[in-house]
Amino acid sequence: MSPSAHKIDDTKSLVEESFGDTVLRHLIYSVGKDKEHASERDWCVALSLAARDHMVEGWIDTTRRIYKNKQKRVYYLSMEFMIGRMLEDSLTNLGLLNEARDFFATQDVDLHDVLHSEQDAALGNGGLGRLAACFMDSMSTTGVAGMGYGIRYQHGIFRQNIEDGWQMEEPEDWLVQGNAWEFRRPEAVYNIEFGGNVDTDENGKTVWTPKERIHAVAFDMPIAGWEGKHVNTLRLWSARQADLMNLKKFNEGDFMAAARQQILAETISKVLYPGDHTPEGRELRLKQEVFFTSASLQDLIRRFLMNYSDLSKLGDHVAVQLNDTHPAIAVPELIRILMDLHGFEFDAAFEVARETLHYTNHTLLPEALEKWPVELFRAILPRHLQIINMIDGAFYQEALAKGLEHHVIAGIQAIHPYQHDWVRMGNLAFIGSRKVNGVSALHTELMKQTVFHDLHTMFPDKIVNQTNGVTPRRWVLECNPGLSNLISEQIGTGWIDDLEQLDKLTPLATDADFQAKYMGVKSQNKARLAAFLKDRMGITVKPDAMFDIQIKRIHEYKRQLMNILETIALYNEIKENPKTNIQPRVKIFAGKAAPSYFLAKLIIKLINDVAEVVNNDPDIGDKLKVVFLPNYNVSAAEILIPGADLSEQISTAGFEASGTGNMKFALNGALTIGTLDGANVEMAEHLGDENIFIFGMKADEVAERQHARRRPSEVIKNLPRLQQVIEQLKTGVFSDGDTTRYKDILDNIEHHDYFQVVPDFKAYWDMQRHVDSVYAQTEKWAEMAILNTAKMGWFSSDRTIRGYARDIWNAPTNELDK
């Protein structure tokens, strides 16, 4: 359905103009080009603006409907929104893709090239941001009155280049040519303040006098749901100086002094996750979190007061979801706004916060549960530190009343009362939220047993589970048109917004004709991926080889290291036994390492070193290829995932909160090799153990080994294959004779191995050989692949959002039908 059907009384409808005419109008009057001189990028901007025009009608209709129905609003605060390219996604959801295709055919312009001239928005890095993007799509599709809040990063996290095998970071430049989707909102500007001191005035009222003030300026992007009937908003904040330039300094020739405040202010929205290994970096990270959280809270309160007058009822009409601990400062900031600006007493303000805020936890890693030095808070956020102490005081009394011991309470307060060294943001978010959720069944249970054990004991009903999901629009309909067409031919199009209809494919899993069609689509996707690798990297791979893919940010617990060690062992096996019955493989890695995470960057170097040796060994040929694809992003994933045969989900059990890449791969017919970690557990339940390759220790076994500090050397001595690999790394086989290059990796493997690569290595090797045997059975593999697609319907982000709306937000869905 085209949103042009949703006409607005006081605007001229686009129905009077063909879509192609709208594109041409924007090419001339918005881009300033004629057809004869327009580049692909010019056409892309014109097409984006034309699609945006159609989206705006639904956007305004949605806003009016929400106000009319007084629909409860949901605000989703996230440091990341990894939305990728917007154009094809918007055309698809608006029902305009075929019109665009027909129009560009008349212009003798390749629509594919136009669509792919759009750059990915550099607003995220990994699963956290991609989940937020899927949720924005699903909130619009299900009719939730949702609004995303984040930061309009000028340079994203970084553009990853590989030089001599090493990761090199360069700034992203996605905004250089402008962003056709955004609307600047100059009326939506808020003061964000830091530093200074806190005093008491003559009336006994607390007064914060900040030392530094900057402005948060809003930029809005419309996010259309399926069929364009409901359009929500993604509001991103850009930092600007609050005061005009110091003209006196400028005219005196002191240009740097004149621009100092501008530079300091705009630094806040320059880069996602600036390095926090320096004091300056830590301060900037904290300021970023305060910046977007405070602006968002001020904005939603302003909107609330346009309709209601009683802020004590905020939680009845508003739900705020904190996506991980980055926006956890919302707890004291909301209390501050209510107390200092609206005259609330602390107890009442704390109660409002606890009725309004909700927290999603994404990790059990202690280092990922943010904490900030108390002294940094004292310098940057003195009023917030005061309020956190008030929260801890109230919480202490509450915990005492529930019978907790003093030492237990101290361990779960936001600031430890005796050590007084850190502000623990996970604890703060938990204490200040109405509901706290995990993102897979296993992760939620481990939250209760580990990081939030004592808090869960105190609040046994606060933790709930909402297993992650992915949007089928982006991750099948758009990225895999061959498969989506095949599915629709068989069962109709209802699956697009009701993914569990995919189960209708189950009886076809053993149908020879359907298997042939299904695997024919897979072959086409593999050929596309092979061409992509040839174009991007100059490497030639055979599409009939098994495409074995691991695409994730590089981290020790995700165990790219185990994957590349097994790859070396496979290389050795092929060298020593050329006639061994092992399926030809292309091992593809992609992902970014944090700039200051040396060991992760060394793993990237090892992967590239192994690729250099393996890919140039004439004895190996096409039996094994190793590829590290640089600068992994959403657009690359849209090619990699449909072309995958095997999905690597091999994290250390108990450490991956959920994962969503696992879902995308399986939905597109890749079989999973993985541990019982995150959502792999629930995937195995839905797929059946016979349709997924599970190996390795379980979470409790990992925890036992870590607690007992078992020595990896005791395991290595019984693993000759791994011994050989370790010896090769020591003697420089993959490092041009450099015997010290991998010393940190070797030290980790042999003496520490916190993430249990060594004890899981043999099980991983054995399961990979089982994968070889199954892949050789073409009909069996096809059946399993089809069943993976058919049984993944539960893992839709539409289902997840309905769960949040029901169990956490108490917000209606499908209001668009009213």
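The values are calculated or read from the model by the stated rules, or taken from the named source; none is laboratory data. Worth saying up front: this structure is predicted, and the values here are computed from it rather than measured. Here Cβ is always computed from backbone atoms with ideal geometry, including for glycine, and neighbour counts include all displayed protein chains. The area values use the complete protein model at the heavy-atom level, side chains included, leaving out ligands, DNA and RNA. Shrake-Rupley method; radii C 1.70, N 1.55, O 1.52, S 1.80 Å.
Each row is one residue, and each column tells you yes or no for (1) in a strand (DSSP E or B); (2) at positive phi; (3) within 29 Å of the chain's Cα centre (by Cα).
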residue: Pro543; (1), (2), (3): no, no, no
residue: Phe547; (1), (2), (3): yes, no, yes
residue: Met562; (1), (2), (3): no, no, yes
residue: Ile568; (1), (2), (3): no, no, no
Looking at the stretch 668-717, what helices (runs of 4 or more DSSP H) fall wholly within it and have at least 1 residues that are over 19 Å from Ser658 (Cβ atoms)? 699-708, 712-716
Return a yes/no flag: does the stretch 628-636 have any residue that is farther than 22 Å from Asp744 by Cα and free of Cβ contacts under 8 Å to residues at least 40 places away in the same chain. no
Pick out the one residue from Asp243, Asp173, Asp199 that is of a type in the set (Asp, Glu) and not in a loop (DSSP other than H, G, I, E, B). Asp199
Out of all the residues in the stretch 803-818, which are open to solvent by 10 Å² or more (accessible area, probe 1.4 Å) and closer than 14 Å to Val439 by Cα? Asp807
Members of the stretch 604-629 found to be surrounded by 19 or more Cβ atoms within 10 Å (Cβ to Cβ) and of a type outside the set (Val, Ile, Thr), listed by number: Lys605, Leu606, Asn608, Asp609, Ala611, Lys623, Leu624, Lys625, Phe628, Leu629
Answer with yes or no whether Glu283 is within 28 Å of Met147 (Cα to Cα), part of a helix (DSSP H, G or I) and open to solvent by 60 Å² or more (accessible area, probe 1.4 Å). yes
Only listed residue being assigned to a helix (DSSP H, G or I) and closer than 21 Å to Gly146 by Cβ, chosen from Leu338, Leu322, Leu334: Leu334
Restricting the stretch 391-407 to residues that are touching a residue at least 24 places away in the same chain (Cβ under 8 Å) and aliphatic (A, V, I, L, M), which is surrounded by the fewest Cβ atoms within 10 Å (Cβ to Cβ)? Ala394
Can we say Asn465 is touching a strand residue (DSSP E or B) at 6+ places or on another chain (Cβ under 9 Å), open to solvent by 20 Å² or more (accessible area, probe 1.4 Å), at pLDDT 95 or above and of a type in the set (S, T, N, Q)? yes
Within the stretch 84-102, how many residues turn out to be open to solvent by 10 Å² or more (accessible area, probe 1.4 Å) and out of contact with any Phe, Trp or Tyr (no Cβ under 8 Å at 6 or more places or on another chain)? 9
Taking Thr467 as the residue in question, decide whether it is in a helix (DSSP H, G or I), under 23 Å from Thr363 (Cβ atoms) and of a type in the set (Ser, Thr, Tyr). no
Out of the residues in the stretch 555-569 meeting the condition of being touching a strand residue (DSSP E or B) at 6+ places or on another chain (Cβ under 8 Å) and surrounded by fewer than 24 Cβ atoms within 10 Å (Cβ to Cβ), tell me which one is farthest from Asp772 (Cα to Cα). Asn563
Reported set for the stretch 58-70 where residues are open to solvent by less than 10 Å² (accessible area, probe 1.4 Å) and touching a helix residue (DSSP H, G or I) at 6+ places or on another chain (Cβ under 7 Å) is Gly58
Sort through Asp347, Asp316, Asp340, Asp324 and tell me the only one that's open to solvent by 10 Å² or more (accessible area, probe 1.4 Å) and closer than 30 Å to Gly654 by Cβ. Asp324
Taking the stretch 138-157 and the residues there that are open to solvent by 10 Å² or more (accessible area, probe 1.4 Å) and either assigned to a helix (DSSP H, G or I) or hydrophobic (A, V, I, L, M, F, W, C) (or both), the one that is nearest to Leu599 (Cα to Cα) would be Ile157
Would you check if Val586 is surrounded by fewer than 21 Cβ atoms within 10 Å (Cβ to Cβ) and either part of a helix (DSSP H, G or I) or touching a residue at least 24 places away in the same chain (Cβ under 8 Å) (or both)? no
Output the residue which, of all residues in the stretch 718-745 that are in a helix (DSSP H, G or I) and among the β-branched types (Val, Ile, Thr), is surrounded by the fewest Cβ atoms within 10 Å (Cβ to Cβ). Thr731
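Here is a yes/no grid of residues against (1) charged (D, E, K, R); (2) open to solvent by less than 70 Å² (accessible area, probe 1.4 Å); (3) at pLDDT 95 or above:
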| position | (1), (2), (3) |
| --- | --- |
| Glu16 | yes, no, no |
| Val23 | no, yes, yes |
| Ile28 | no, no, yes |
| Lys33 | yes, no, yes |
| Arg41 | yes, yes, yes |
| Val56 | no, yes, yes |
Return the pairs, sorted by first residue and then second, in which the second residue is polar (S, T, N, Q), the first residue lies in the stretch 42-56 and is under 16 Å from Gly178 (Cβ atoms), the beta carbons are less than 7 Å apart, and the residues are 6+ apart or on different chains. Cys44/Ser117; Ala46/Ser30; Leu49/Ser30; Ala50/Thr22; Ala51/Ser90
Please go through the stretch 350-365 and pick out each residue that is open to solvent by 30 Å² or more (accessible area, probe 1.4 Å) and touching a Ser or Thr at 6+ places or on another chain (Cβ under 6 Å). none
Give the residues of the stretch 420-435 that are among the β-branched types (Val, Ile, Thr) and closer than 16 Å to Pro366 by Cα, sorted by residue number. Val423
Filter the stretch 470-486 for residues that are in a helix (DSSP H, G or I) and of a type in the set (A, V, I, L, M); which is nearest to Leu91 (Cα to Cα)? Leu477
Looking only at residues in the stretch 589-603 that are part of a helix (DSSP H, G or I) and out of contact with any strand residue (DSSP E or B) (no Cβ under 6 Å at 6 or more places or on another chain), which one is surrounded by the most Cβ atoms within 10 Å (Cβ to Cβ)? Ile603
Just checking, does the stretch 376-390 include any residue being open to solvent by 40 Å² or more (accessible area, probe 1.4 Å) and either part of a strand (DSSP E or B) or hydroxyl-bearing (Ser, Thr, Tyr) (or both)? no
Lone qualifier among Ala410, Ala368 - being aliphatic (A, V, I, L, M), out of contact with any helix residue (DSSP H, G or I) (no Cβ under 8 Å at 6 or more places or on another chain) and open to solvent by less than 20 Å² (accessible area, probe 1.4 Å): Ala410
Just a yes or no: is a residue in the stretch 241-264 basic (Lys, Arg), in contact (Cβ under 8 Å) with a residue 40 or more places away in the chain and surrounded by 15 or more Cβ atoms within 10 Å (Cβ to Cβ)? no
For the stretch 170-190, how many residues meet the condition of being open to solvent by 70 Å² or more (accessible area, probe 1.4 Å) and in contact (Cβ under 8 Å) with a residue 12 or more places away in the chain? 5
Test Ile223 against the stated conditions and say whether it is touching a Ser or Thr at 6+ places or on another chain (Cβ under 6 Å), open to solvent by 10 Å² or more (accessible area, probe 1.4 Å) and under 22 Å from Arg73 (Cα atoms). yes
